[in-house]
Amino acid sequence: MHRSKFEGVVCCLVNPGSRKHFWSLLAHALNKLDDKSQDGGSDLTQMALAEAKKRDGAVSTTIREWSFLGPFPIGKTEVDGDPVADFGGANQAFKDSLESSHVYRSELVSNGTLTWTTLKADGSGQVHVSPAIDWGDLVSSLGSTGIMEWQGWSVGEFYVNQEAVVLVRCLGVHTIYIDGLILAADIYRRERFWFSIHLPVGLHTMSIRLRAKVQQIYQCQLKQSGTMRFELHQPHFLPDFVEGQLVTPHLAMPIANHAVGKGLKNFRVTITDQSGKPSLAVSMASRDLEFSVAHGQVFYETVLHVWTLE
């Protein structure tokens, strides 16, 4: 656990109102102490978790504060290297930021030295990353706008106060890491796809490797999946309806699998309600898929047969 978090617990015990998410923070610290003992979870830990869930919810819905390290020079996508790999990666560099004497070098800043800075997200979780660099001077010096492209790492923490399957959606980036596990994001900002991950109680780290030109905007949101094993999205295209008849009986329904470690197969479909004329009937084009919809996959080929009833 990050040292500042333990220090925050001491501060909060003196004045709980002085720090946001006090109960989530306290529950995580107590849970860490329980892990090191042989007595199992204590009553105090359970009380703190119950209060944390009551006040902050089962899962943080957004990350309000991020730590950013950058900008670093960028290379071609195929051969580009991680600028903090030599320091153990972004997560380790983040954990060591209060205790280590690591010096991060970048030719994009005036003094050649970088430190971690804090970024604030708005109420929806959107973060605007705009390094304070004199880009005009750099472009004039080199005679190329390629110098305006940079990379960096953004790291944030969120709480899980109840073991759960958590749905994560990050817009504007293609990949994220949660506790080092790589997850798909949504670089095209379609605002409809979520990726699921099973997380235990505690404090978790989300890290994002940013690649941008001048500035970058991303947005991350989280929610508990509950009992929702899959999600059915609106189809991208609907068949035309001409003179009371469908031009084609085929309809592709995108299905997202949120069940961690489990595939989806053997779909069934029924019409629960309809009004107006003509009446419609529907069935699966194939009762059984040849393969399962994998965890985290969005399957576009779930074809339905739709026809009108006279």
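In whole percent, how big is the carbon plus sulfur part of the accessible area of segment 151-272, probe 1.4 Å, protein atoms only? Here carbon and sulfur together make up 54 percent of the probe-accessible area.
Applying 0.36 nm per residue to the separation of Thr113 and Asp80 and subtracting their alpha-carbon distance, the gain on full extension is 9.9 nm. Each other residue within a Cβ distance under 11 Å of Gly70 adds +1 if Lys or Arg and -1 if Asp or Glu, for a net charge of +2.
Net length available on complete extension from Glu163 to Phe241 is 23.4 nm, with 0.36 nm assigned per residue and the Cα-Cα distance removed. Among Ile176, Phe158, Ile187, which residue has its Cα positioned farthest towards the positive end of the charge dipole of segment 152-197, with +1 placed on the Cβ of Lys and Arg, -1 on the Cβ of Asp and Glu, and the dipole taken about the Cα centre? Of the listed residues, the answer is Ile187. Model label points for Lys262 and Thr175, set 7 angstrom from Cα along the Cα-to-Cβ axis, are 3.0 nm apart.
Our estimate of slack between Asp96 and Arg229, defined as 0.36 nm per intervening residue step minus the Cα-Cα distance, is 44.1 nm. Solvent-accessible surface of segment 95-236, averaged per residue with a 1.4 angstrom probe and all protein chains in place: 50 square angstrom. Count Lys and Arg as plus one, Asp and Glu as minus one, and take only other residues whose Cβ is under 15 Å from that of Glu231; the net charge is then +4. Neighbours of Gly152 by Cβ distance under 12 Å: Lys/Arg scored +1, Asp/Glu scored -1, total 0.
In this structure, the residue pairs whose Cα-Cα separation is over 25 Å, taken from Lys32/Lys54; Lys53/Lys223; Lys76/Lys120; Lys54/Lys95; Lys95/Lys120, are Lys76/Lys120; Lys54/Lys95.
When the surface is traced with a 1.4 Å probe over the full set of protein chains, Trp153 keeps roughly 20 Å² accessible.
The values are calculated or read from the model by the stated rules, or taken from the named source; none is laboratory data. For clarity, every value in this text was computed on a predicted model and none was experimentally measured. Every residue, glycine as well, gets a Cβ built from its backbone with ideal geometry; the counts of neighbours run over all protein chains shown. Just so you know, the surface numbers come from the protein's heavy atoms only, side chains and all, with ligands and any DNA or RNA stripped out. Shrake-Rupley method; radii C 1.70, N 1.55, O 1.52, S 1.80 Å.
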